[in-house]
Each structure stands twice: as structure tokens, then as C-alpha cells.
Amino acid sequence: MTDLTVLDLIQIQEGLRKGEFSSGELTRALLDRIDSLEPALHAYLSVQPEFTLKQAKAADERLRLWRKTPEAPLPPLTGIPIAIKDVLCVAGWQCTCGSRILENFTPPYNATAVERLLQAGALILGKTNTDEFAMGSSTENSAYGVTHNPWNLAHVPGGSSGGSAAAVAARLAPAALGTDTGGSVRQPAAYCGVTGIKPTYGRVSRYGLVAYGSSLDTIGALGRSARDVATIYALMAGHDPLDTTSARRPIGAIALPEEPDLRGVRIGAPQEYFISGMQPAVEQAVREAIRTLETLGASVQPVSLPHTEFALPVYYLIAPAEASANLARYDGIRYGPRISGETMWDIFYNTRGEKFGAEVKRRIMLGTYALSAGYYDAYYGQAQKARTLIKGDFEKAFEQVDVIATPVAPTTAFRIGEHTEDPLAMYLEDIFTLPANLAGIPALAFPVGFDQNGLPIGMQLMGKHFDEATLFMTAHAYQLVTDWHIRQPNL
Amino acid sequence: MTLTLEQVDHIANLARLKLTDEERERFRQQLSAILEYAARLQALDTAGISPTASVLSQSAPGRPDIPRPGLSLAELFANAPDTEAEQFRIPPVFE
């Protein structure tokens, strides 16, 4: 039998429907591979083999009945195991957020994004590793140990959705959910050579997502191709009354033609994203990919996003400010572990002091400072105004073009430990992904080559608010004529 | 921009974080460097620019106030570190 772990979502859908293999066989193949590779990779924080296999058995029964009446509707992901980043609530599954402060927390309900995948027939394969509360660019901030990059185990997988990206790249999951507040889907997707979408802010409900930066947080998907990722995105997207910031706009159809034809698509290449100091191989691969899009019929023109350089300081004031408020809820009283003390106040100080990791404390402190009396206007207030200018840059650029093409990150995956002593150097890995979160626009990352050390390079396409469809269509056309997304690491 | 240890202690107190002496000094240096970097924002002319708190064009809409089932008390207390008679238990707040 073929190795079921190499199949993409569409191949799995077909195989299950035709009865070429069962959901149980597929799930078993993935769990076996997880067993053999997890000691080296550590992409997962939890798996529940018996639980998932039981779900697979139920799915196989549903598939068996459906084959007798194939004209009946069948949920699109019936029997397909998906991995979930451990910041999204799945009822009955521990949700640690990569933190000791939630080391014993099991949510009693599903996040809406998860619930919609379950309604579509998906199985939960496991919860994936993440930087603590999604704060980080490498998964090194996970309290439960770093995830290793499947292309080179000495390198980080990126972050914060590094577990999800590594799981997809290493074929420990056909697809995975991630979250993206400043690049946390796109940067690990690029570092691991997979495709990942950060949707428009408000497009996917945040209900059941443990909050980090509430005006920036989005839930996205990672997979083997733009087509796979589009499939999962479309199932998650749409209005949810449980999230007041969830958009009421209908989800448009996503057309992915069989023929790569990008005539009429206007692509902008911003000079501010091709900076001195970036890795030459990254610039070359991205420019080459833009030329490929041009050969498929797209027109390419320079655009300018003049306030790009301010995105990093703006993000690292606004996101920590929001985080400092969101993480105030972890107090050792209602859930999570408690470090006891004589008074209630002692419980707060002790629990938070002992159970939060260094990066989370750093961002809580930074945000608290930016919001504190005497500094609010100079830091948080000024950052919010600068955010308006960054958003305005995109509004102007999108008067001329449909899509903006850039690198995902200035380098390929860095070595484990390379930036841990210098938080600012780590933050610089996010400079190309932060602006999309500040502007609330959708962005897609996908592989466009490798550097001289065999590490994947990612390109980012950013689009207009609620125009994920053009991003998927453009990347799909590229993937029809290239094979970067099909390459696999030797493991 | 250099923070003093007193400022670090003030922020940690506002954030209800107990820090070790080693953490106080490390955060003093690291936060100083980050704030130094963030100071470049001060050079940006934002006169007349309104702040962006949310990228959404829609205002937060209300919804009909209709009762619907919620989680049970047992589910809500299942994750609590210390409970008694369906309440969270904490040390005495009043003497």
C-alpha cells in the first residue's frame, strides 16, 4: 500500500470516498509516524491515539453507509485527521498554550474554528507545540521544549505555530490549524516549507482561541498546498455570534482553475521589503517567484509602503499592551495551578511569577509600561496613530494592485539558541509579517525555493481585506507550475 | 531610554509579577533596549492622525438577549485549584 502520510487533503478525500483506504488506516499511519519521529521533532504537545482511532472508526462507518447512497451529502473532511495548535480550545483535550500557567487546564468547550472542522467531519489528531501564549518566532518559548525543524533538526521551525508547521512538513499531519498575531502562521510555514494562510482580521471567529493581542489575533491553517489550505479556511470562515468582532460579510467563492492563468492580476513588489542585510538567497528566490507569476500572465509593478519601518516598534507596543490586559486573567484562582501564599495578593504574585516564562513576563512588563500613567500617550497612543499610517499605506497600494508580493522573513530558519539571549534580534525576524496584522489584511505564505543549506524559503502574498480568494488563486497557479510545495525533508 | 530597577519594580507590581533579583536586572536591560528601539516612533509626525484601535469597519453589533444553555457549574469548577460548595476558595481578604 502507498504511504498514506504523503497524501494531500484532496487525495485523502478521494481515497476515503472510493474506499481505497480507511480513516482508521490513515490515522494509524499518522500515529505510527508520530511515534517514530516525535522524539526527534517534538511537534506535538499531546496526542490521544485511542480517542482519535475511535473517531476514525466512527468516520469509517459513516463512509461505509455513504458509499451505499453516494448521492447523499457527506461532510467534506469526513475521516480526515487534523492537528490543532495548543492555543485553541478542544473539549476534553488539555490546552496548555505552551505555558506552565495552564499546565493542568482542560477546556470544556470547542473553539468555533475547531467546532466547524468537527462539523465538517474532521478528527482531532493532536495539539501542537507553540511559543508560550503564541509569543515568539521559534517555539523556543514553549515551556515544554523546542520543536525542531524537519529540514534540519538543529534549526528552529519558526513560531509561534512551529509545532503545526513542523507536523505538516514532516507528514505527521495532513494539515493543521495555527494562529497568527504577528506572523505566527506565515513565518513557520516559510521556515518549514509549507503553505499557510493568515485570514483577514474578523474572518474566522476567535471564540475559544486563548487571547494574546485581541485586535491582531487571527486563526489560520497550514497545509501542503494553497488548495488544501483554502479548503480548511473556507470551512472555518464566516460570521459567529459568539465573537463580536467576527465579520458579517459573506464568504466569496474561491475559484482555483486547473489552468494557471494570472492575466489581469496586478502584483505589487514593495521596495521596503527587499532590504539590505536580508539573506541573498531569500531575495533571489522571491524575485524569481515573482517572475514566474509574471510569466503566468500577472503584471508586476513597484509599490511603496513608506511606513513599513515603523511596523516593528508599533507591533511591539500594541501587542504587549493588549497581552498585558488579556493575561491578567491568569491569577491562580479560577483555573490553572496555584502557588499558595498568605493573602490573595500573594497568590497572584507567586503564581504569575513562577508559572509565566521569560518572554511572557517580558511582554506583560512592556505592555504594562506602555499603558501606564505618564507613558500612555508617548508609547501606546503614538503606536496606535502610527498603525493608522501603516494601514493607510496598504489602502493606497491596493488602489494600484490586487496583491503585494514579498519575502515572509529576511532569512531562512535560524539555529536553535541563536537569538534566545537577544529578544530584539528575534523580533526582527517578524518585520515582513507584522504589517498585515496591523492593517488587518489577509496574507498567504508558500514555499518558493531553498537556500544553499537546504532550508526552505517562503514568499508572502498580501491582499485586500476579505480577498483571500485572490491570494489562494495566485498561489495555486504558482503551485501548478512549480514543485517546491511537494518536496519533503529526509527524516 | 534606560529603566531603573525602581521602575522595573513598579511595572512588576502593576502587573502582579514576583521577580527574582536576576530577572529584575535582566528585564531592566532588555526592556531598556526594546524601549530604546521603540523610541524611533517619536520621530514620526502623527499630528492630526487618529489612532487605530480596531481595523474593523463595522461597529460591534448587539445581539438579541435570548437565554441559551451554558456550561454547568461542575464543568466550570473542574479546572479550579481550590473550591468549596461550588465557590472558588481563597485566603481571607478581610481580617
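The values are calculated or read from the model by the stated rules, or taken from the named source; none is laboratory data. Just so it is clear, the model here is predicted, and its values are computed rather than measured. Virtual Cβ from ideal backbone geometry, glycine too; neighbours counted across all protein chains shown. Just so you know, the surface numbers come from the protein's heavy atoms only, side chains and all, with ligands and any DNA or RNA stripped out. Shrake-Rupley method; radii C 1.70, N 1.55, O 1.52, S 1.80 Å.
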Find all pairs meeting these conditions: Cβ atoms under 6 angstrom apart; at least six residues apart or on different chains; first residue within segment B:52-77 and over 30 Å from residue A:382 (Cβ atoms); second residue surrounded by 10 or more Cβ atoms within 10 Å (Cβ to Cβ) and among the hydroxyl-bearing types (Ser, Thr, Tyr).
B:77/B:83
State whether the residues of segment A:363-376 include one that is at the interface with another protein chain (Cβ under 8 Å from one of its Cβ atoms) and open to solvent by 40 Å² or more (accessible area, probe 1.4 Å).
no
Name every residue in segment A:55-82 that is open to solvent by 10 Å² or more (accessible area, probe 1.4 Å), assigned to a loop (DSSP other than H, G, I, E, B) and small (Gly, Ala, Ser), in order of residue number.
A:72
Hits in segment A:97-110 (condition: open to solvent by 10 Å² or more (accessible area, probe 1.4 Å) and within 17 Å of residue A:357 (Cβ to Cβ))
A:100, A:103, A:104, A:105
Which of the residues that make up segment A:453-468 are of a type outside the set (Phe, Trp, Tyr), more than 22 Å from residue A:410 (Cβ to Cβ) and open to solvent by 30 Å² or more (accessible area, probe 1.4 Å)?
A:464, A:465, A:467
Report yes if residue A:256 is of a type in the set (A, V, I, L, M, F, W, C), more than 30 Å from residue A:110 (Cα to Cα) and in a loop (DSSP other than H, G, I, E, B), otherwise no.
yes
Residue B:18 passes all but one of the listed conditions (1) at pLDDT 90 or above; (2) open to solvent by 80 Å² or more (accessible area, probe 1.4 Å); (3) more than 9 Å from every other protein chain (Cβ to nearest Cβ); the exception is number (3)
Just for segment A:336-352: of the residues that are in contact (Cβ under 8 Å) with a residue 12 or more places away in the chain and either polar (S, T, N, Q) or assigned to a helix (DSSP H, G or I) (or both), which one is farthest from residue A:135 (Cα to Cα)?
A:347
Quick check on this structure: which one of B:63, B:40 is within 8 Å of chain A (Cβ to nearest Cβ) and not in a helix (DSSP H, G or I)?
B:63
Just to be sure I understand the filter: pairs with C-beta atoms under 6 Å, separated by 6 or more residues or on different chains, first member in segment B:1-21 and part of a loop (DSSP other than H, G, I, E, B), second member open to solvent by 60 Å² or more (accessible area, probe 1.4 Å). Which pairs pass?
B:1/B:36
Every listed condition ((1) facing another protein chain (nearest Cβ under 8 Å); (2) closer than 25 Å to residue A:425 by Cβ) holds for residue A:352 save (2)
Since residue A:470 meets every condition but one in (1) in contact with a helix residue (DSSP H, G or I) (Cβ under 9 Å, 6 or more places away or on another chain); (2) in a helix (DSSP H, G or I), which condition does it not meet?
(1)
Just wondering, is there one or more residues in segment A:410-424 that are over 30 Å from residue A:154 (Cβ atoms), polar (S, T, N, Q) and outside any strand (DSSP E or B)?
no
Residues of segment A:414-429 satisfying the condition of being under 15 Å from residue A:180 (Cα atoms) and open to solvent by 10 Å² or more (accessible area, probe 1.4 Å):
A:429
